[in-house]
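Readers should treat all values here as calculations from the given coordinates under stated rules, not as data from a laboratory. All figures in this text were calculated on a predicted structure; none of them were measured in a lab. So basically every Cβ, Gly included, is an ideal-geometry build from the backbone, and we count neighbours across all protein chains shown.
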Number of protein chains: 4
Amino acid sequence: MSEFRIEITTGSRTPIYRQIVDQVRLAAATGALPAGYAMPSVRILAEELLVNANTIVKAYAELVREGVLESHQGKGFFVAAKRQVYSRAERTRRLQQALDSFIHQVAFLDFSADEICKAVAERLQDLHAQLDSVRARA
Amino acid sequence: MSEFRIEITTGSRTPIYRQIVDQVRLAAATGALPAGYAMPSVRILAEELLVNANTIVKAYAELVREGVLESHQGKGFFVAAKRQVYSRAERTRRLQQALDSFIHQVAFLDFSADEICKAVAERLQDLHAQLDSVRARA
Amino acid sequence: MSEFRIEITTGSRTPIYRQIVDQVRLAAATGALPAGYAMPSVRILAEELLVNANTIVKAYAELVREGVLESHQGKGFFVAAKRQVYSRAERTRRLQQALDSFIHQVAFLDFSADEICKAVAERLQDLHAQLDSVRARA
Amino acid sequence: MSEFRIEITTGSRTPIYRQIVDQVRLAAATGALPAGYAMPSVRILAEELLVNANTIVKAYAELVREGVLESHQGKGFFVAAKRQVYSRAERTRRLQQALDSFIHQVAFLDFSADEICKAVAERLQDLHAQLDSVRARA
DNA sequence: GTGGTCTAGACCACG
DNA sequence: GTGGTCTAGACCACC
C-alpha cells in the first residue's frame, strides 16, 4: 500500500510527464518519499493515473537522469540515497524565476494583492498538511 | 518617458508569440503601455525581433481576443482601454492554474510557507508601486 | 444519432476558419456536440474540408480560447464542459455589437418592429427547442 | 444644415466604408434621405466622421453602383429618384439571412430569449424614434 | 499517431 | 501603408 499519491491535472499547459517529474522530485526532496523507497512499476502507475505507459517511462527516465531515482535492472525504480541539494543562491534564483512566471500570468486578472497572497498561503497550507499526513502514516 | 521594448529569447521553452503576449499584456496592465498607444506595426516589429511576421500577427491577434489591444484596419494596433473580459469564475480558474504551476515549482525548494508568501507579497507590492507611479505621472 | 458535419463555402466573405468556429460553437451551445465528444483530428478535418491544416489549427485554437474545446496533447481536441468564460459586461458588449450589425442590415427592409421582433423570437424558440430535444434524448 | 447623421462604430468587424453604405442605403430606403437630396461632399463627410477621404469615395462609389446615389459631375452626389424596391420574397430572404448571422453570434452568450428579444425591441424603438424626429424636422 | 510553433511567401481588403 | 487569411512545408514535443 503506497501512501504517496501523484495527482495529474489533465488539460494543463504543462505536459503530464513533467507534472509527474515535478511531483516525484518534490516528494523526494521533502522526504515524503524516503531514500530507497520502491516506486510503483511503470505499468501500475500508468493504470493508476490513466495515462499511457510511455509517459511514465519518460518521466522515470528523466528522474534517473536528474539523480532523483535509481533504476535497478529487473527490480524497478528506487528513490536515490543522495538527495539533490541546492545552494541558497540557487534556491532563491529558482524561486524568483517561478515568481516571475506566476506574476506574469496573474497580474492582469485584476485580483487584489491580498486575494492573491491569501490564495498562495492557502495552497501552501494544503500542501504542507498533505505532506504531514503522509509522514505521520509512514 | 521610457520607450517600451519587447525582448524575446529564442530557443526558450515558452514560444515566441507567448513571450510577446505576456510582456504586452503585463505592460498594459501596469500602465507602462497607456490606452491608445500605437503598437509597432506587424512588419516593423517582425523586423526588429528578427522573427516571421506571422508570429507577430498571432501574438497581436491573441491580445485582441483578450481585450488588451484593438485592431484598426489600415492603421495598426492600439492599446485598448482596460475592461473586464473574463468572468469571475474564469479569472479564478486561471489564478488556480497559475498557482498549481507555481506551487509545484517552488514547494520542493525547502522554503517555509512564510518565506514564499513574503516573496509573493513583495513582488505584488513592486507591481502596484509601478502602477501608481505611472498613474502619478499621468 | 446524427453525425456532425462542418460545411464551409469557400469564396465567402467570412473566412473559412471563422465559419468553422461559428458552426462548432453553435453546435456545442445547442448540445448537438455533447461535452467530451472527440473532434476530428486537425489533419483529418483538413483533408475532409479540402483546406490547409493550419486553417483548422487556427479555428480549433480559437475555440479552445473561448472554452468550447479542450486540447489533449497527443490525443486530440474534445468538446469541453460548458462554462461561463466571459464577464457579463463582455457578453453584453458582444450582444450589442451583434445587434448593431443586425439592425443595420434589417432596418431598411421596411418590416415593422413587431414583425422583426416576432421573427427573432421565433428563431430563438427553434434554438431552444433543439436544445431541449437534445437534452431529452440524453 | 443636415439633419441626417451617419454614425460609424470604429473597431467593428464590419469595415467603415460598408457601415456608411449600409446607413445611407437604409436612410434612402426609409425616406429619411429624400430623392434629390444633396449628400455632403466627400471632404466634409470625411472630416465629420474623422475618417480618410478615400473611405468616403469608396462608399459613395458603391452606392452609385447600387443605384442609391447619382453622381453629378462637379456638383456632387445626390440621392437617386428611383428607389430600390425589393419583392416581399427578397425582403424576407434578407431578413432571414441577417437573422442567421445574428443568432450564430448570440446563441452561445447565454442570454435568455427574453433578454435578447427585449434588446432587439429596444434598439428598433430607438431607431424609429430617431427616424421620426428626422422626418418631423424635414 | 496527435497537436504546436515557426517560416516563407502569396493575395486580398482596408484606409 | 496597414492588417487578415490562406497555403505549403518543416520541425518539435507529447502520448
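Coupling constants for the range B:112-118 follow from the phi torsions by the Karplus curve (6.51 cos²θ - 1.76 cosθ + 1.60, θ = phi - 60°), and in residue order they are 6, 4, 4, 4, 5, 4, 4 Hz; glycine and proline get x.
A label point on D:Asn52, set 7 Å along the Cα-to-Cβ line, lies at 2.5, 2.8, 4.9 nm from each of its counterparts in the other copies, closest listed first. Amide hydrogen proximity for C:Tyr86: with H placed 1.01 Å from N in the peptide plane, the residues at 5 or more positions away or on another chain lying under 5 Å are B:Ser87. In chain D, excluding the sites themselves, the longest stretch lacking any of the trypsin sites (Lys or Arg not before Pro) that are in a DSSP loop with at most 15 other Cβ atoms within 10 Å is D:14-74. Label-to-label distances for A:Ala136 across copies, nearest first, come out at 4.9, 5.4, 7.7 nm, using points 7 Å from Cα in the beta-carbon direction.
Starting from the label point of C:Cys117 at 7 Å along Cα→Cβ, the same points in the other copies fall at 0.9, 5.3, 5.6 nm, in ascending order. Evaluating 6.51 cos²θ - 1.76 cosθ + 1.60 at θ = phi - 60° for every residue in the range C:132-138, the Karplus couplings come out as 5, 5, 5, 4, 4, 5, 6 Hz, glycine and proline recorded as x.
Expressed as a rounded percentage, what relative contact order does chain B have, with Cα pairs under 8 Å and six or more residues apart? Provide the component values of the computation, followed by the final result.
Details: 104 pairs, mean separation 32.2, N = 138.
Once normalised by length, the contact order is 23 percent.
Between A:Glu122 and B:Ser133, what FRET efficiency comes out of the Förster formula 1/(1 + (r/R0)^6) with R0 = 25 Å and r the beta carbon distance, rounded to 0.05? Intermediate values should be presented prior to the final figure.
Numbers: r = 30 Å, r/R0 = 1.22.
So the FRET efficiency works out to roughly 0.25.
For chain D, a simple Cβ point-charge model (Lys and Arg +1, Asp and Glu -1, everything else neutral) yields a dipole of about 580 debye relative to the Cα centre.
Close amide-amide hydrogen proximity is noted between C:Tyr37 and C:Val79, each under 5 Å apart and 5 or more residues distant or on a separate chain (H modeled in the peptide plane; Pro and chain starts excluded). The angle between the Cα long axis of helix C:16-30 and the longest principal axis of the Cα atoms of chain C comes to about 80 degrees, rounded to the nearest 10. Spatially, the range C:118-137 and the range C:1-33 are offset by 18 Å when compared through their Cα centroids. Label positions at A:Arg94 and D:Ile44, each projected 7 Å from the Cα along the C-beta direction, are separated by 7.3 nm. Projecting the Cα atoms of A:Val106, A:Leu127, A:Ala46 onto the charge dipole of the range A:39-128 (Cβ charges, centred on the Cα centre) puts A:Ala46 farthest toward the positive pole. In chain B, the beta-carbon sitting nearest the axis that superposes B on C belongs to the residue given here with its distance in angstrom, B:Ser87, 2. Taken over the C-alpha atoms, the range A:88-137 has Rg and Dmax values of 14.0, 42 angstrom. What fraction, in whole percent, of alpha-carbon pairs in the range C:38-138 exceed 17 Å separation? I get 71 percent for the Cα pairs in the range C:38-138 exceeding 17 Å. Backbone phi angles across the range D:55-69, fed through the Karplus curve with coefficients 6.51, -1.76 and 1.60 (θ = phi - 60°), yield HN-Hα couplings of 5, 5, 4, 4, 5, 4, 4, 5, 5, 5, 4, 7, x, 7, 10 Hz in residue order; Gly and Pro are listed as x. Placing pseudo-labels 7 Å out from each Cα toward the beta carbon at D:Ala35 and B:Ser112 gives an inter-label distance of 9.0 nm.
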